[in-house]
1. Restricting attention to the range A:113-127, report how many residues are facing chain B (nearest Cβ under 9 Å) and open to solvent by 20 Å² or more (accessible area, probe 1.4 Å).
2. Out of (1) part of a helix (DSSP H, G or I); (2) of a type in the set (Ser, Thr, Tyr); (3) over 25 Å from the mean Cα position of the chain (by Cα), what's the single condition that is false for B:Thr102?
3. Looking at the range A:134-144, can you tell me whether even one residue there is within 12 Å of chain B (Cβ to nearest Cβ) and either in contact with a Pro (Cβ under 9 Å, 6 or more places away or on another chain) or outside any helix (DSSP H, G or I) (or both)?
4. Can you tell me how many residues in the range B:336-377 are within 14 Å of chain A (Cβ to nearest Cβ) and open to solvent by 40 Å² or more (accessible area, probe 1.4 Å)?
5. Determine which single condition A:Met93 fails, assuming it passes every other condition in (1) surrounded by fewer than 20 Cβ atoms within 10 Å (Cβ to Cβ); (2) assigned to a strand (DSSP E or B); (3) within 14 Å of chain B (Cβ to nearest Cβ).
6. Here are the criteria: (1) within 21 Å of A:Glu207 (Cβ to Cβ); (2) modelled with pLDDT of 95 or more; (3) touching a Phe, Trp or Tyr at 6+ places or on another chain (Cβ under 9 Å). Tell me which single one A:Ile106 does not satisfy.
7. Out of the residues in the range B:384-416 that are open to solvent by less than 80 Å² (accessible area, probe 1.4 Å) and not in a helix (DSSP H, G or I), which is nearest to the other protein chains (Cβ to nearest Cβ)?
8. All but one of (1) modelled with pLDDT of 95 or more; (2) out of contact with any Ser or Thr (no Cβ under 9 Å at 6 or more places or on another chain); (3) among the aromatic types (Phe, Trp, Tyr) hold for B:Phe291, so report the exception by its number.
Amino acid sequence: MVANEQNIEPDDIIVCRDVHKWFGDFHVLRGITTTIKRGEVVVVFGPSGSGKSTFIRAINRLEEHQRGDIIVDGTELTNDTRNIDAIRRDVGMVFQSFNLFPHLKIISNITLAPIKVRRLPVKQAETLAMELLERVGIPEQAEKYPAELSGGQQQRVAIARALAMQPKIMLFDEPTSALDPEMIKEVLDVMRELATSGMTMIVVTHEMGFAREVADRMMMFDEGVILEEATPENLFNNPQHERTKLFLSQIL
Amino acid sequence: MATDSHSTSPPILPRPQFETGFAGWMRLNLFSTWYNSALSVTAIVVLALTVWFGLGWVFLDADWSVISTLGGRIMIGQYNIEAACPGQNCFWRPQASLLLITVLLGMGWQVAGGGMAKQFALLVGGVAAAFAFLPYGLDTMGMDVRLLLVANLPALAVGWSIARYTPLGTASRIAMLFVSAFLLTMVLLRGIPGVPFLEPVSVIFWGGMMLNLLLAVAGISLSFPIGIGLALGRRSHLQVLKLLCIVFIETFRGVPLITLLFMSQVLVPLAFPENFPVNSLYRAAIVITLFSSAYMAENIRGGLQSLHPGQAEAARALGLPGWQTTLFISLPQAIRNVIPPIVGQFISLFKDTSLVYIIGMLDVVEISRAFIQGNPEFLANAKELFIFLALVFWIFTYSMSTVSRRVEQHLGVGER
C-alpha cells in the first residue's frame, strides 16, 4: 500500500509526519516530523528518556505509533503485517545489547534470515556471510558461538547479520554504549566504512567524534521533540537552544 | 614517593602441596573446621554402618526367591497365560519388541560413534542376554525364551551394521524408525485376527513392566509436542485460543491423575463415535498424555517467559515472521533453559503409569502386590519384592537423568 504522494520525493526514504506515541499515559513522542533522504547519515542524540530509541524503534515497528504517519521507502507503516514484514526486510537494526542468537554459531546467526526469509540457497548464504565477516574484520570467528566472542566482535557480527539481508536502511540503537573504548573504536570503524559506502543510516549514539566525521545531519531529541537539527559543524559551533548547549557541554 | 619497580616480575609458584590431590580435597571439603570434621566423621560412620548392614541383609538374610517365582510376569504381566494366549507361547512377541529396540540402540551407537550411546546399547543388550543364563530348569524358562534373549547381542551388531552400511544411519531417520518400531510393537502385541502366530491378545492381559514402558513411551512422546502447542496457545494474542488453553491446562493440572484415570472409563468413550471400541489401554494412554501435557505446557511457558525480549526483537527486525521466530529462536532457547523440569516431568510420568491399577490393569507394581496377596506364603518377602521394584524404577529414571545431563552438556546450557 503506497501512501499519498503529497510532498514525497523519490529520494525521501523515511518520512515522519507528526508522529505521536504514548507508553500508557506517558507521552514519549510529541509530534515528530522529519524526512531522511537516501544515503543520508543521521545521528540522533539527547538525554535519556527523550524518545530517541523509541523513535528509531518505531521505524521498524518494534514500537507502535498511535498518531501520525511513518512512510518507509514508499510503504506506510500500519498494523498490516505484510507491510511490516516487507519494511523489516529492508531495514536492518543493530541493538545496544547485540542480541545475537546464543544457540547458533556465528555463521548460522548471519545466514538464518537470508535462508528463511529471502530463500537464498544455503551455499550462497554462507558465501555472503563469509564476505560480510571479512568486511567487518572477523572471518576466523565463523564457527564459534557468540558467548566465545568479545563485545566488540559480537557487535560487529550483529552488524554483519543485519547487512546480510541487504537492507536499504540501517538503524543503530546506541551500538557502542555497552562496549569499552578499544572495542568502541573497532565498531565505529565498521560503521564509518558503511557510511562512506553510501548506506542510509540513523544512529542513536553519544559518540560525537564519530558524528562530526561521518554525519550529514544531527538531531537533538529532548522530551519527545526534535529540539534542534543541523549539520555537525553548525550544531557544535553554533547551537541554538540552551538545552542543546547544556547537553553538548556535558559530553564534549 | 617514586613508584617501586621490580627488576623481574615475581616468580610463578606451584600450588601448595596440601591443597592438591585427594588429601587436599578431604582437608578442604570434609575437615576444614572442627564442626565440619565432627560432621564428616559422624556421616562416615553412619554411612559405613548402613552399607555394612544393608549389604549383609541383601546377600545373607534376604530371600529373593519371590522374584524368581513371579518370574516373567514382572515383565509382561498376564500376557502369556492360557486365557490370553491359548495353546501357544506368546512370550516371543514382547521379546521381538525388545529385539527391535536393541537394533535401534545399535544404530544409535553407530551414529553417535561411542560414548554414552555405546555404553547404553551394550548395557541393554548385555543385561538382556545375561538373563538367558538364569539358573532355572528348562521347563520354567524354555530354550526358545533363552535364545531370543541371547539374540539381543547379535541384534546390536545388526543395528550397528544397518546404520553403517545403509542410508538409514542419521539421527532423524533413527527417530522415524523409532516411531515405526513403536507402532510395529503395538501391532505385534495386539495381534492381527486370522494371521497365524499373531493371534490377538486382548489388552486386559497386557501387564508388568511392558505395560509401564508402553504407556510411558507413548505419554512422553506425545505430551511434549502437545505441551508446546498449549504453551504457545496460552501466550497467543487470540483470546479464544488463549482461553481454551488456560481452561485445558488448569483442568488437567487441578485433578489428580488417579481420578482422571478412574473417570476415563466413562468420559473418554464419549469423545468417540458410538460403538467405536476404546479399550482400556488407549484410554489410559490418552489420559496420561493429556495430564502430562498440561504440566509440560507450563514448564515450556516458563522457559519462553525467561527469554530476553531482545532475542525475538532481533529476529523480527531481520524480517523473520512470527512463527519462524518462535520456531528457530524462541522455542530452542526456551526448551534448553527448562530441560531439568521437562525431564522431571518425564520421570514423573513414568512413575505415574503405575496408577493404571485403578482401571484394572496389572502393571508391574500391581502384579507384584496381587501376587503377594494371592500367595500369603510370600508375605514375609514382600519387602524384597518391592525393594527390587524400586531398584528397577530407579535404574530407568536415573538413566533418564543421566541422558538429560548429557544433552544439556551437548547443548552448552549454562555456558552459551
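1. Here the count works out to 3.
2. So B:Thr102 meets the others, but not (3).
3. Within the range A:134-144, one or more residues are within 12 Å of chain B (Cβ to nearest Cβ) and either in contact with a Pro (Cβ under 9 Å, 6 or more places away or on another chain) or outside any helix (DSSP H, G or I) (or both).
4. 1
5. (1)
6. Looking at each condition in turn, A:Ile106 falls short on (1).
7. Here the answer is B:Arg416.
8. The number of the failed condition is (2).
The values are calculated or read from the model by the stated rules, or taken from the named source; none is laboratory data. All of these numbers come straight from a predicted model, not from anything done at the bench. Note: ideal-geometry Cβ built from the backbone for every residue, glycine included; neighbour counts use all protein chains shown. Side chains included, ligands, DNA and RNA excluded: accessible areas come from the protein's heavy atoms. Shrake-Rupley method; radii C 1.70, N 1.55, O 1.52, S 1.80 Å.
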